[in-house]
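Okay, structure first, notes after.
The values are calculated or read from the model by the stated rules, or taken from the named source; none is laboratory data. Everything numeric here is computed off the predicted structure, so don't read it as measured data. Positions of Cβ are generated from backbone atoms using ideal geometry, with glycine treated the same way; all protein chains shown enter the neighbour counts. In case anyone asks, the SASA skips ligands and DNA or RNA and just uses the protein heavy atoms, side chains included. Shrake-Rupley method; radii C 1.70, N 1.55, O 1.52, S 1.80 Å.
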Amino acid sequence: MQQTAQDQADRISLISVSSTMKVSSDADKLRRQGADVVDFGAGEPDFPTPDNIKQAGIRAIEENFTKYTPAGGVIELKQAICERHTTDFGTSYSPAECIVTVGGKHVIFNLMQVLVNPGDEVIIPVPYWVTYKDVVNYAGGVCVFVDSDEEKGFAVTASMIERHLTPRTRIILINSPNNPSGAVVDREEFEKILKLASRHGVWLITDECYCHFLYDSAPFSIASIPGAKESVIVAGSLSKTYAMTGWRIGFGLAPAPVVNSILKLQSHMTSNPVSIAQRAAIEALRGPQESVGVMLAEYRKRRDFVVARLRQIPGVSIVEPQGAFYAYPNLGAVLDRDGTRSPLQFAERLLEEAHVAVVPGEAFGTDRHVRISYAASMHDLERGLDRMHTFIAGRLQ
Ligand SMILES: Cc1ncc(COP(=O)(O)O)c(C=O)c1O
């Protein structure tokens, strides 16, 4: 009997294509048809990779650093990652507790493969980054979603999390600053969450992808609290901090046995992250850091503009983001009145009719919001938000 295209492993049906990527491809399709699309969908810096980092990559090619490296990354990069984390946050990781991965997504995927048994529960505050749900499901785990308090800036507290702990809880997964809301878990609350995790013997994974993009507080890592290293795993990425999304370098900081298990997995899957990108990453971590501050200042300006502009649109409310580069406006009052009902329908019409791409809140576990990435030029932010204003005002008449 012949196989059909439907004859695939059951587990692949547990996941779906990342909705953020779908938005980009829909916007692209429209653009190819000649439309002038303003894209607020992409979650990536609009800045180029800083020149010193690019030059390090070019040198790596010229010096023929183009062969396999150890599957978990070269030792010099692991050292650079540990040193930078010590300098920025006061932690004390050694290369044996560090693994280099093909982007931050890869380390989170691998962690779920290594830590989650079928039926294990992973606590995830809502709204959440779209990928968490799928990687937990793919590992056979069960997502336990915890609603955050939008009135209090999408706050998530230890007591909210505690109510969802069960004997099957394996991981608490915190992303601060949060994609999509920009919410930041304050230090005191994070320490309470850590205590909860240690007391119950569950892992606390801290996704620090946006850790350097904070507007009102100093960068902080929960891994710096004495004793934290037994329960905490850092999932890190150079993608946003150094505008290096395409280079695909992420990392994990974790107890050595966890690092070794991920290494085993990577040795059969990706092998090493790209050798050239590893050299560029060393330069990013050890070279001048000014570009990070420059980007942060620009994002702050844009955040202020986007929040102020959204607050002028009828029916829209917005919690001011404290970090990252996303705004997550609540369109509840619009959806109730304009007949679109869901953020998905709203986003589809906004793209079709006003040529503005946003990501619908369903992707992040809420049904009243859309995500706007303000990693876009001021020019685009101005015209995109003008279009959105006209679109919404027109529908509310
Ligand atoms: C919360 C969060 N974590 C991790 C990542 C992973 O980024 P990358 O795989 O590009 O390093 C992203 C990317 O959008 C993110 O938003």
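Of all residues in the range 91-144 being free of Cβ contacts under 8 Å to residues at least 60 places away in the same chain and of a type in the set (Asp, Glu), which is surrounded by the fewest Cβ atoms within 10 Å (Cβ to Cβ)?
Asp120
Given the conditions (1) more than 16 Å from the ligand (Cβ to nearest atom); (2) open to solvent by 20 Å² or more (accessible area, probe 1.4 Å), report the number of the one that Ala347 does not fulfil.
Going through (1) more than 16 Å from the ligand (Cβ to nearest atom); (2) open to solvent by 20 Å² or more (accessible area, probe 1.4 Å) one by one, Ala347 breaks only (2).
Would you confirm whether or not the range 64-74 contains a residue that is in contact (Cβ under 8 Å) with a residue 60 or more places away in the chain and in contact with a Cys (Cβ under 9 Å, 6 or more places away or on another chain)?
yes
Could you grab me the full set of residues in the range 1-26 that are open to solvent by 90 Å² or more (accessible area, probe 1.4 Å) and within 16 Å of the ligand (Cβ to nearest atom)?
Those that are open to solvent by 90 Å² or more (accessible area, probe 1.4 Å) and within 16 Å of the ligand (Cβ to nearest atom): Val17, Met21, Lys22.
With the requirement that a residue be out of contact with any Leu (no Cβ under 8 Å at 6 or more places or on another chain) and free of Cβ contacts under 8 Å to residues at least 40 places away in the same chain, what does the range 220-245 give you?
Residues satisfying the conditions are Pro226, Gly227, Glu230.
If we scan the range 262-282, do we find a residue that is within 30 Å of His379 (Cα to Cα) and more than 19 Å from the chain's Cα centre (by Cα)?
No.
Pull out all pairs, ordered by first then second residue, where Cβ-Cβ is under 8 Å, the residues are six or more apart or on different chains, the first lies in the range 155-173 and is of a type in the set (A, V, I, L, M, F, W, C), and the second is open to solvent by 60 Å² or more (accessible area, probe 1.4 Å) and not in a loop (DSSP other than H, G, I, E, B).
Ala158/Lys192; Ala158/Lys195; Met160/Asp147; Leu165/His200
Suppose we keep only residues that are within 12 Å of the ligand (Cβ to nearest atom) and not aromatic (Phe, Trp, Tyr) within the range 202-218. Which one would you say is farthest from Glu298 (Cα to Cα)?
Filtering first and then ranking leaves Ile205.
So Ile372 clears everything in (1) assigned to a helix (DSSP H, G or I); (2) in contact (Cβ under 8 Å) with a residue 24 or more places away in the chain except one condition, right? Which one?
Ile372 satisfies all of (1) assigned to a helix (DSSP H, G or I); (2) in contact (Cβ under 8 Å) with a residue 24 or more places away in the chain except (1).
Condition first: assigned to a loop (DSSP other than H, G, I, E, B), more than 10 Å from the ligand (Cβ to nearest atom) and either of a type in the set (D, E, K, R) or open to solvent by less than 10 Å² (accessible area, probe 1.4 Å) (or both). Now tell me which residues in the range 175-201 satisfy that.
Ser181, Gly182, Asp186
Filter the range 219-243 for residues that are under 13 Å from the mean Cα position of the chain (by Cα) and open to solvent by 10 Å² or more (accessible area, probe 1.4 Å); which is farthest from the ligand (Cβ to nearest atom)?
Here the residue is Lys240.
Every residue in the range 311-347 that is free of Cβ contacts under 8 Å to residues at least 40 places away in the same chain, in a helix (DSSP H, G or I) and of a type in the set (D, E, K, R), please.
Matches in the range 311-347: Asp336 only.
Residue pairs, Cβ under 9 Å, 6 or more apart or interchain, first in the range 27-46 and surrounded by fewer than 12 Cβ atoms within 10 Å (Cβ to Cβ), second not charged (D, E, K, R). List them.
That search, which allows pairs on different chains as well, returns Asp36/His355.
If we scan the range 52-74, do we find a residue that is surrounded by fewer than 22 Cβ atoms within 10 Å (Cβ to Cβ), within 22 Å of the chain's Cα centre (by Cα) and within 15 Å of Leu285 (Cα to Cα)?
no
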